[in-house]
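S.K.: Before I ask anything, let me first share the structure, which is written out below as structure tokens.
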Amino acid sequence: MRVRHLSIRTEEAYVRWITEFLRFFKEQTGEWQHPRTLGPPEVNEYLTYLAVKRRVAASTQNQAFSAIVFLYREVLKLELKLDAVRAKPPERLPVVLSLDEVRRVLNAVPEGPCRLMTGLMYGAGLRLMEVCRLRVKDLDFDRQQIIVRDGKGEKDRVVPFPRKVMAGLRQQVEEVRRLHREDLQLGAGWVWLPYALSAKYPQAGRTLNWQYVFPAKALSREPRPREADEAASGTEKLQLRRHHIHENSVQKMVASAVRKAGLTKPASCHTLRHSFATHLLESGQDLRTIQELLGHADVSTTMIYTHVSQLGATGVLSPLDRL
């Protein structure tokens, strides 16, 4: 999985599902079975169990399916012919807030980093993790644009820099500068670098431009051990780093703001991204531009916003209102 540059969350999810798959048959036989002794019938049985007995969501079953297929095809080099009962993913419309609802939610978020982060999710259409992983070097104040590095699917893209958060982000960068200076004095100051940049540029991890715009409060070490990686040997394993803010903190803050704003919609961090796309569509932006700003691989994914826009079905005058 690391050779294929899969994210740490995908790695954790796949390992968890493979373990659950093996534990399912351990409970039946009383002992652990090697995956090579479990063929397509056993895989079909487990996937059917998830769909029929546990009645998991379609996305959950598909994740388990992907994990098991990855194990057999990519690790064990075995082909699987599966005919398990598969749940059909539901076609749900995204939750979208009105301009007034967005304003109420943003105002309910306490001033500081979290308000800046929610402003970027709505003002630039960033995903939650894309905001958390922003580096100082990704903010281009002169050209008024933000560069999203390694977004979903390992794709870079450029998004507009909302002017209303520009002054706040300048102050945030100065706060990062101050914090980084203190970390350097403590012998820390390192930050995680992608791929093998830490081996190519050993001191880059202690520079300001690689620091996270929204850093965590506490220092930490590498959460994913890489003992077998020669690039991680020696000093890298001992580096005391400052990671980015944990996404759960932002999610809790937004959930609290939604309650304070008195919204009855099930709004979340991703709702702000949905609202960004829908409001752009209603303002006259074309779907192709919105697709590029959101980082969608296919315009058909972006077209879902035509169903919730007031230019679509909700923009049609009901016959009842003509009576």
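Coordinate-derived values only; no laboratory data. Small disclaimer: the values here were computed from a predicted structure and weren't measured. Here Cβ is always computed from backbone atoms with ideal geometry, including for glycine, and neighbour counts include all displayed protein chains.
S.K.: Got a sec to turn the phi values of region 187-195 into Karplus ³J(HN,Hα) couplings, 6.51 cos²θ - 1.76 cosθ + 1.60 with θ = phi - 60°, whole Hz, x for Gly and Pro?
M.R.: x, 9, x, 7, 9, 5, 10, x, 6
S.K.: Relative contact order for the chain using alpha-carbon pairs under 8 Å, separation at least 6, rounded to a whole percent?
M.R.: After rounding, I find 18 percent.
S.K.: Please list the non-local residues whose amide H lies under 5 Å from the amide H of His244, H modeled 1.01 Å from N, same-chain partners needing a gap of 5 or more.
M.R.: Sorted by chain and number, the residues that satisfy this are Ala216.
S.K.: Next up: Can you list the residues, at least 5 places off or on another chain, whose amide H is less than 5 Å from the amide H of Arg135, using H built in the peptide plane?
M.R.: Distant-sequence amide H within range of Arg135: Val213.
S.K.: Quick one: in region 91-316, what % of C-alpha pairs are over 25 Å apart?
M.R.: Cα-Cα pairs of region 91-316 separated by over 25 Å account for 46 percent.
S.K.: Which of the peptides 31-42, 117-128, 62-73 is most tightly packed, and how do the rest follow, judged by the mean count of other Cβ atoms within 10 Å per residue?
M.R.: My ranking of the peptides, most packed first, is 117-128, 62-73, 31-42.
S.K.: Another one. Could you check what % of the DSSP bridge pairs in the chain are antiparallel, to the nearest 5?
M.R.: Beta bridges within the chain, antiparallel portion: roughly 90 percent.
S.K.: Assigning unit charges at the beta carbon (Lys, Arg +1; Asp, Glu -1) and nothing else, what dipole magnitude in debye, to the nearest 20, does the chain show about its Cα centre?
M.R.: 520
S.K.: In the chain, with Lys and Arg counted as +1 and Asp and Glu as -1 at Cβ, which of these residues, Ala108, Trp17, His243, has the Cα nearest the positive end of the dipole, that is, farthest along it?
M.R.: Ala108
S.K.: With each run of n ≥ 4 DSSP H residues scored as -39500 (n - 2.57), what mean residue ellipticity at 222 nm is computed for the chain after dividing by its residue count and rounding to the nearest 500 deg cm²/dmol?
M.R.: After summing the helix terms and dividing by residue count, I get -13000 deg cm²/dmol.
S.K.: What's the FRET efficiency of Gln285 with Ser59 using the Cβ-Cβ distance as r and R₀ = 30 Å, to the nearest 0.05?
M.R.: Between Gln285 and Ser59 the formula returns 0.55.
S.K.: Between Asn209 and Arg92, what length comes free when the chain is fully extended (0.36 nm per residue of separation minus the Cα-Cα distance, one decimal in nm)?
M.R.: Length gained between Asn209 and Arg92: 38.1 nm.
S.K.: While we're here: Read phi for every residue in region 166-178 and hand back ³J(HN,Hα) as whole Hz from Karplus 6.51 cos²θ - 1.76 cosθ + 1.60, θ = phi - 60°, with x for Gly and Pro.
M.R.: Listing the rounded values in order: 5, 5, x, 6, 4, 5, 5, 5, 5, 5, 5, 4, 5 Hz.
S.K.: If you don't mind, another one. Could you give each residue of region 67-79 its phi-based ³J(HN,Hα) in whole Hz, using Karplus coefficients 6.51, -1.76, 1.60 with θ = phi - 60°, and x for Gly or Pro?
M.R.: Coupling constants for region 67-79: 5, 5, 5, 4, 4, 6, 7, 9, 9, 8, 6, 10, 8 Hz.
S.K.: Another question, if that's okay. List the extent of the Cα atoms of region 8-75 along each of their three principal axes, largest first, rounded to whole Å.
M.R.: Largest first, region 8-75 extends 29, 28, 18 Å along its Cα principal axes.
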